[in-house]
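The values are calculated or read from the model by the stated rules, or taken from the named source; none is laboratory data. Keep in mind that what you see is a predicted model, and the values were worked out from it rather than measured. Cβ sites come from the backbone with ideal geometry, for glycine too, and all protein chains shown count toward neighbours. For accessibility, only protein heavy atoms count, side chains too; no ligands or nucleic acids. Shrake-Rupley method; radii C 1.70, N 1.55, O 1.52, S 1.80 Å.
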Amino acid sequence: MISLFDQENGELLALLDANTITAWRTGATTAMAVDRMARPGPLAVAMLGSGSEARSHARAIAATRPGPSPP
């Protein structure tokens with residue numbers, strides 16, 4: 001869990017699921033790196049792994065770049 005507190009008065013504002021936030025954050029970081037390092041245009045990507053981390057990476061990359069055109 002990640003605790004979010006008000007900086008003014010220290011009041012607890014929210015308890016957040018750390019696994020979900022980590023998956024979103026690492027997926028977004030990967031998508032940004034792929035977008036910066038790969039050539040412009042459609043992109044084919046191989047993914048090793050599974051679970052929430054792999055899904056978040058795939059979704060973030062797909063949202064950043066178009067995929068290859070079907071044959």
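Under the condition of being of a type in the set (A, V, I, L, M, F, W, C) and open to solvent by 100 Å² or more (accessible area, probe 1.4 Å), which residue from region 1-12 is nearest to residue 69 (Cα to Cα)?
First, the residues of region 1-12 that are of a type in the set (A, V, I, L, M, F, W, C): 1-2, 4-5, 12.
Narrowing the set further to residues that are open to solvent by 100 Å² or more (accessible area, probe 1.4 Å) leaves 1, 5.
Numbers: 1: 41, 5: 46 Å.
Looking at the filtered set, the residue picked out is 1.
From the residues in region 16-60 that are at positive phi and without any contact (Cβ under 8 Å) to a residue 24 or more places away in the chain, which one is most open to solvent (accessible area, probe 1.4 Å)?
Initially, region 16-60 is screened for residues at positive phi, giving 41, 49, 51.
If we keep only those that are without any contact (Cβ under 8 Å) to a residue 24 or more places away in the chain too, we end up with 49, 51.
Numbers: 49: 63, 51: 30 Å².
It comes out as 49.
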Legend entry - Residues of region 16-49 that turn out to be among the small types (Gly, Ala, Ser), part of a loop (DSSP other than H, G, I, E, B) and closer than 14 Å to residue 67 by Cβ, as a count: 4
Inset, instruction - Say whether the condition of being outside any strand (DSSP E or B) and modelled with pLDDT of 90 or more is met by at least one residue in region 64-71. - result: no
